[in-house]
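Just so you know, all these numbers are worked out from the coordinates, no wet-lab data involved. This is a predicted model, so every value here is computed, not measured. For neighbour counting, all protein chains shown are included, and Cβ atoms are generated from backbone atoms with ideal geometry for every residue, glycine included.
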Amino acid sequence: YGVRHSHGAFAWLLNDDVFVNPGVAAPLLENFETHSIAAVTHTLRYPDGKIQYAGKYRPRGAVGFGHLDYKLKSSRHVNPVEQESLCGASMMIRRAAFFDVDGFDERYRLYSEDDDLAMKLRQAGWSIMFDPRAEGIHEEHQSVNITAGWRDYLNASSVKFREKWGGYFVKNPDPHILGKF
């Protein structure tokens with residue numbers, strides 16, 4: 001809804017429990033100087049300073065992604081890096097790319113919608129970036145904590161994601177290489 005009603009070349013999607021530091025937009029926008037970049041995410045920390053999100057990785061044998069450097073104080077990345085997926089809690093996206101892949105799959109009520117969007121973008125030839133130069137605070141799970149049945153939504157989303165993208169993970173077993181479609 002928000003992207004449909006925006007007018008700029010880019011949209012910044014933020015969860016209601018994310019608070020970005022001053023100056024975050026500038027480094028994110030720098031990434032879009034490369035025209036193949038669809039979306040950029042950045043470091044998110046808990047209020048205590050520990051990392052909530054510093055990029056995504058793919059555990060060997062898993063169908064899906066985990067958060068890099070979870071609950072550590074510093075990120076392994078110091079420069080922007082291409083990633084297979086992204087965290088939708090705070091992402092800047094090129095509107096043209098968003099509409100190129102028909103946006104979010106609304107069958108996901110909670111969870112996996114960001115991974116699904118990233119997979120669709122990458123399948124369409126777009127790139128995803130993580131930029132550690134930008135940071136914010138994520139008071140994770142504020143909306144979920146007041147959503148009845150959220151675990152059922154999580155499970156249903158996991159099943160949908162596995163059915164739709166499971167073949168990708170079989171074809172690309174090495175989590176250290178960006179997978180191909």
Taking the Cα centre of segment 52-155 as the origin and placing charges on Cβ (Lys, Arg +1; Asp, Glu -1), which of TRP126, LEU154, VAL78 is farthest toward the positive end of the dipole? VAL78
Under Karplus coefficients 6.51, -1.76 and 1.60, residue-wise ³J(HN,Hα) of segment 81-93 in Hz, glycine/proline x: 9, 6, 10, 7, 9, 8, 9, x, 5, 8, 9, 9, 9
Members of LYS120/LYS171; LYS120/LYS160; LYS50/LYS120; LYS73/LYS120; LYS50/LYS180; LYS71/LYS164 lying beyond 21 Å, as alpha-carbon distances in this model show: LYS50/LYS120; LYS73/LYS120; LYS50/LYS180; LYS71/LYS164
Among HIS141, THR43, VAL101, whose Cα sits farthest toward the positive end of the charge dipole of segment 40-181 (+1 at Cβ of Lys/Arg, -1 at Cβ of Asp/Glu, about the Cα centre)? THR43
Whole-Hz couplings from phi, Karplus 6.51/-1.76/1.60, listed for segment 166-181; x for Gly and Pro: x, x, 4, 6, 5, 5, 10, x, 7, x, 8, 10, 4, x, 10, 9
Put a dot 7 Å past each Cα toward the Cβ at ASN21 and ILE146; how far apart are the dots in nm? 2.9
Could you tell me the relative contact order of the chain? Use alpha-carbon pairs under 8 Å, at least six residues apart, and round to a whole percent. 31
Out of ASP48, ASP17, ASP115, any idea which swings most in a Gaussian network model of the chain, alpha carbons joined below 10 Å? ASP48
Of HIS42, HIS67, HIS141, which has the largest mean-square fluctuation in a 10 Å C-alpha GNM of the chain? HIS141
Along principal axes, largest first, the alpha-carbon spread of segment 127-181 in whole Å comes out as 38, 35, 16
Can you tell which of LYS71, LYS56, LYS171 shows the greatest fluctuation in a Gaussian network model of the chain with Cα springs below 10 Å? LYS171
Multiply the residue separation of GLU33 and ILE177 by 0.36 nm, subtract the distance between their alpha-carbon atoms, and state the gained length in nm to one decimal. 49.4 nm
Relative contact order of segment 74-151 (C-alpha contacts under 8 Å, at least 6 apart) in percent is 43
Rounded to the nearest 500 deg cm²/dmol, what is the calculated helix-only ellipticity per residue at 222 nm for the chain, with -39500 (n - 2.57) per DSSP H run of length n ≥ 4? -8000 deg cm²/dmol
Rounding to the nearest 20 debye, state how big the charge dipole of segment 1-111 is about its Cα centre with +1 on each Lys and Arg Cβ and -1 on each Asp and Glu Cβ. 380
Which of VAL24, VAL63, GLY88, positive extreme of dipole for the chain (C-beta unit charges): VAL63
Around PHE10: net Lys/Arg minus Asp/Glu count, Cβ-Cβ under 11 Å: +2
Along each principal axis of its Cα atoms, how long is the chain end to end? Whole angstroms, biggest number first, please. 40, 38, 36
